[in-house]
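The values are calculated or read from the model by the stated rules, or taken from the named source; none is laboratory data. Computed from a prediction, not measured in an experiment: that's the story for all the values here. Backbone-built Cβ (ideal geometry, glycine too); neighbour counts: all protein chains shown.
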Amino acid sequence: MSKNYLIGIDIGTMGTKTAIFSTDGNIVSDAFEDSNLIRPKLGIVEQDPDEIYNSVMNTIRQVVKKSGIYPREIAGIGLDGQMAGILGIDKDWNAVTHYDSWLDTRCEPYIQTMKEKAGDEVLAITGCPVTYAHGPKILWWQKEKPDIFSKIDKFVVPTTYIAGRMTGLKGKDAYIDYTQLHFSGFGDVQKLSWSETITKCFNIPAEKLPNIIHPWKIIGELTSKCADECGLIAGIPVVAGAGDQPAGSLGAGIVRKGQIFDVAGTASVFSCCVNAFKPDIENKTIIFSRSVLPDLWIPLAYINGGGLCLRWFRDEFAGKNCWNENTTTARYEVLNEEAEKVPAGAEGLLFLPHLGGRVCPNDQNIRGAWVGFTWSHTPAHFYRAIMEGIAFEYAYYLSILKALFEDIQLAEVRVIGGGAKSKLFNTIKADVLGIPYLPLAKPDIAVFGSAVIAGYGVGIYRNFESAVENAIPHGDVIIPNTERHNLYKEYLDAYIGLFDNLRGTFQKLTHASNG
């Protein structure tokens, strides 16, 4: 019996998504299970490793049942997942900590420690500014929970933990794939090794850090126990996997220099594919992540909750009293229709989309703001200004990338996520950036990317480019308007200036609100 199918698994923050794909890239069946985020008090966000594992088993079982295919037809399994959180395992692969989510802020004091002691060096070696990720979290476990720290054989990411349980690995086999290394705090992303300079600087035992490998390496085969739990058969190869953003960019066909990737979801992620490592030392804004493809990089920056701003406005301000809608909250289609009637620039109204603080560059005192509104502004102006604010933030990220790569020739922006369905949103971003926008019609690109990685690992695909480029349907290309682009340049200068003008005010307000 031929093996014509691949399984991709996305271990996301909000839930686990699993899908079966045919080797020509078509989805056969999929399933989703919500995550249980444990929030006992402000600043603490944890997950139970057993619950994560069970969600993977449950969704695999569901997709196999729904597909009707024979398990023997599965050629391989690939995983991707949230990158910046960690958990500790012992020598027998038992979890000895909870999953310390990237949303958990208890490591904040150790972020400051790392910044003060070796912030620029960490950024230069790892490609990532010190943030809520592995380095400060490992220091937190070492300093705050020494008894547990002594029991930890290796620190691992969710994809590693799940793949290891599926294949029966031991602590000595623990790994991290290179697409997630930038969040490690201690890894040299160019040499693909642990930095002796940084580990010694912070007295971190190198033996507690896993092996560094490529994403498509087959790390083992499905055990009989795991196969019984998920409805498959023993012996199916499992590859190392990748981070969710690198897997998503691969699934979107970002495989050549100059391609741009926009995730218009709850978070707004902006990334550009390049062929050299140039960490953003000056601005500390761009996170320099490796692509799945070994010779490419996908530096990115993001707004934490960019898309959430649109949902917040819809839910809190655009109810039935706004445009006489009969529903509790106005539909996005109605909001878009009304905002489309507003001139570019929202007639002098600017919006800062950082309601939860600015992530890139990190400044937790920054907040959201509308600036320049008058009695003539309507709800439609405010809604359009949110979209434009997100686009202006993207333009700021792009200006840094252009400074780092002066000779780069930019192609179209490939956009996915809920925001990709809005022609107005895509048009605004195309006009602000001056680059064509291409909305992708293929859902679930992260799980697709993971399936492709598995297919490459087991030898089904000769290269990544041919596996993804012809398997991604898309909508119509949106060409930027020159007149609006020139107008938006003036607004962009004003937008960037707002941060310097308002930073002191935000700091005072934050201090006052915290008592």
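Observations, loosely collected:
- Every pair of residues 6+ apart whose Cβ atoms lie under 9 Å, when the first sits in segment 288-307 and is part of a loop (DSSP other than H, G, I, E, B) while the second is buried (at least 24 other Cβ atoms within 10 Å of the Cβ) and among the basic types (Lys, Arg): 296/290; 298/290
- All told, residue 431 meets the bar of being surrounded by 20 or more Cβ atoms within 10 Å (Cβ to Cβ) and of a type in the set (Asp, Glu).
- Check on residue 42, in contact with a helix residue (DSSP H, G or I) (Cβ under 6 Å, 6 or more places away or on another chain) and either within 30 Å of residue 140 (Cα to Cα) or part of a loop (DSSP other than H, G, I, E, B) (or both): no
- Helices (runs of 4 or more DSSP H) contained in segment 381-483 and holding at least 2 residues of a type in the set (D, E, K, R): 423-433, 464-469
- With respect to being closer than 15 Å to residue 159 by Cα, at pLDDT below 95, in the same structural domain as residue 223 (by TED's automatic domain parsing) and aliphatic (A, V, I, L, M), residue 84 fits the description.
- Highlighted here are the strands (runs of 3 or more DSSP E) found entirely within segment 188-256 that include at least 1 residues which are surrounded by fewer than 19 Cβ atoms within 10 Å (Cβ to Cβ): 211-213, 218-221.
- Residue match in segment 33-53 (condition: at pLDDT 95 or above and small (Gly, Ala, Ser)): no
Here's the yes/no breakdown for (1) within 24 Å of residue 59 (Cα to Cα); (2) surrounded by 23 or more Cβ atoms within 10 Å (Cβ to Cβ):
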{"site": "106", "(1), (2)": "no, no"}
{"site": "115", "(1), (2)": "no, no"}
{"site": "121", "(1), (2)": "no, no"}
{"site": "129", "(1), (2)": "no, yes"}
{"site": "136", "(1), (2)": "no, yes"}
{"site": "143", "(1), (2)": "no, no"}
{"site": "151", "(1), (2)": "no, no"}
{"site": "158", "(1), (2)": "yes, yes"}
{"site": "176", "(1), (2)": "yes, yes"}
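- Looking across segment 208-225, the residues that are of a type outside the set (Val, Ile, Thr) and within 28 Å of the chain's Cα centre (by Cα) come down to 208, 209, 210, 211, 214, 215, 216, 217, 220, 221, 222.
- Of residues in segment 59-77 being in contact with a Ser or Thr (Cβ under 8 Å, 6 or more places away or on another chain) and either basic (Lys, Arg) or under 27 Å from residue 104 (Cβ atoms) (or both), the one surrounded by the most Cβ atoms within 10 Å (Cβ to Cβ): 59
- Criterion applied to 23, 13 was being at pLDDT below 95, closer than 19 Å to residue 236 by Cα and buried (at least 16 other Cβ atoms within 10 Å of the Cβ), and the one residue passing it is 23.
- Residues being closer than 27 Å to residue 146 by Cβ, of a type in the set (A, V, I, L, M, F, W, C) and in contact with a Ser or Thr (Cβ under 8 Å, 6 or more places away or on another chain) are entirely absent from segment 3-18.
- In this structure, residue 91 does not qualify as charged (D, E, K, R) and closer than 17 Å to residue 231 by Cα.
- Test: residue in segment 433-452 that is touching a Pro at 6+ places or on another chain (Cβ under 8 Å), β-branched (Val, Ile, Thr) and in the same structural domain as residue 272 (by TED's automatic domain parsing): yes
- If you filter segment 373-425 down to residues that are hydroxyl-bearing (Ser, Thr, Tyr) and touching a residue at least 60 places away in the same chain (Cβ under 8 Å), you find that the one that is surrounded by the most Cβ atoms within 10 Å (Cβ to Cβ) is 383.
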